[in-house]
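Visitor: This is the structure, below, for whatever I ask next.
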Amino acid sequence: MFRNLVIASNWKAGIDDYNLALQWLKDVNIFLKDKEDLLRGKIRIPVALPYCFLGVLNCEFFRELSLLEVFSQNVSHVGKGAYTGEVTVKMLKTLGVRGAIVGHSERRHIFGEDDELINKKISILLENDMDVIFCVGEKLEERNSGRTQEVLYNQISKGLKGVNNFDRLIVAYEPVWAIGTGVPMGIRDLQEAESFIREVFKREYKLENLCLLYGGSVNKDFIKDIRGNTGMNGVLVGSASWTADGFIKIIENFIF
Ligand code: PGA
């Protein structure tokens, strides 16, 4: 019934009120607790919170957390030292955070993060036994000029330079042109991208069982298509997961 499934929520800056954040976590937690026996060991549910909400890990109700795994949306590439404003891997780790999203297109294209910086972030996370959701994806002009595979290959090989342990790596394929538009990519294009990315990992890293997610305007209907027509391991959901009900519906449609 299940393969190695991951349904991840990326809050971005979309839930910007701490009380609403707590309510979301409580509501999703109640739903998951109810399904715990069925789902434990079969599905992972990371939720990537903004830094300033990560302290929820110390809240009482989180001690009884069912399946939610708290991730960060970002991490610094530097360690301890005089780096005003930075949040280091160790800060996250000592709080109980499981991992971080790296290479998201909004960080690449709005905040100017390049492959070299992304590579440093991935390396420092993996060296510290933290999980990584590594995002890759082409822009519309790159797709239209037939450069999708070249872009994906470059992002993967530069982002993973020097990395040789992939146990904690999840890759999220997120075509930039499908993010936040309300329209996910077509299933045939997704199948093509999936087989290309899996092929790259088999060939270059001898990795047969890459955990690969799709992200980009995922909604409760598209999720069924992905489940039925691709071999993807799951999804990284942005705005459709910003209400607890919306996220619960996506989980239900994917696994039931
Ligand atoms: P979206 O975002 O679902 O709102 O398109 C996905 C993402 O950027 O991770």
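Visitor: What number, rounded to the nearest 500 deg cm²/dmol, is the helix-based mean residue ellipticity at 222 nm of the chain, given -39500 (n - 2.57) per DSSP H run of at least four residues and division by all its residues?
Guide: Counting only the DSSP helices, I get -12000 deg cm²/dmol.
Visitor: So what's the Cα pair-distance distribution over the range 66-145, bin width 10 Å, in %?
Guide: Taking all Cα pairs of the range 66-145, the binned fractions are 18, 47, 25, 9, 1 percent.
Visitor: Hey, any idea what Rg/Rh is for the range 10-99, computing Rh the Kirkwood way over Cα pairs? Walk me through the numbers before you get to the answer.
Guide: Details: Rg = 14.1 Å, Rh = 14.1 Å.
Expressed as Rg/Rh, it is 1.00.
Visitor: Which of the chymotrypsin sites (Phe, Trp or Tyr not before Pro) found in the range 52-116 are in a DSSP loop and have at most 15 neighbouring Cβ atoms, other than their own, within 10 Å? Write down the numbers at each step before the final one.
Guide: Values: sites: Phe53, Phe61, Phe62, Phe71, Tyr83, Phe111; in loops: Tyr83, Phe111.
In loop regions of the range 52-116 (DSSP not H, G, I, E or B), the sparsely surrounded chymotrypsin sites (Phe, Trp or Tyr not before Pro) are Tyr83, Phe111.
Visitor: Now, a different point. Cα-Cα over 23 Å: which of Lys93/Lys139; Lys121/Lys249; Lys12/Lys249; Lys80/Lys158; Lys35/Lys90?
Guide: Values: Lys93/Lys139 33 Å; Lys121/Lys249 32 Å; Lys12/Lys249 19 Å; Lys80/Lys158 25 Å; Lys35/Lys90 32 Å.
Over 23 Å apart, Cα to Cα: Lys93/Lys139; Lys121/Lys249; Lys80/Lys158; Lys35/Lys90.
Visitor: Then there's this: Between Ser195 and Lys42, what length in nm is gained on full extension when 0.36 nm per residue of separation is reduced by their alpha carbon distance?
Guide: Values: separation 153, 0.36 × 153 = 55.08 nm, distance 2.32 nm.
So the extension gain works out to 52.8 nm.
Visitor: Hey, fewest Cβ within 10 Å first, where do Arg108, Arg147, Arg203 land in order?
Guide: Values: Arg108 20, Arg147 15, Arg203 9.
Ascending Cβ contact count within 10 Å gives the list Arg203, Arg147, Arg108.
Visitor: Run through the range 114-210 and list the GluC sites (Glu not before Pro) located in a DSSP loop whose Cβ has at most 13 other Cβ atoms within 10 Å. Working shown, then result.
Guide: Details: sites: Glu116, Glu127, Glu138, Glu141, Glu142, Glu150, Glu192, Glu194, Glu199, Glu204, Glu208; in loops: Glu138, Glu208.
Those satisfying the criteria are Glu208.
Visitor: Please express the Cα-Cα pair-distance distribution P(r) of the chain as a list of whole percents, one per 5 Å bin, running from 0 to the bin with the greatest distance.
Guide: Result, from short to long distances: 1, 6, 14, 18, 21, 18, 13, 7, 2, 0, 0 percent.
Visitor: Give, rounded to the nearest 20 debye, the magnitude of the charge dipole that the chain has about its Cα centre when Lys and Arg contribute +1 at Cβ and Asp and Glu contribute -1 at Cβ. Before the final figure, lay out the partial values.
Guide: Values: 32 positive and 34 negative charges, 91 e Å.
Its charge dipole is roughly 440 debye.
Every number here is computed from the coordinates shown, using simple stated rules; none is lab data. Keep in mind it's a predicted model, so treat the numbers as computed, not measured. In this analysis, Cβ positions are derived from the backbone assuming ideal geometry, glycine residues included, and neighbour counts consider all displayed protein chains.
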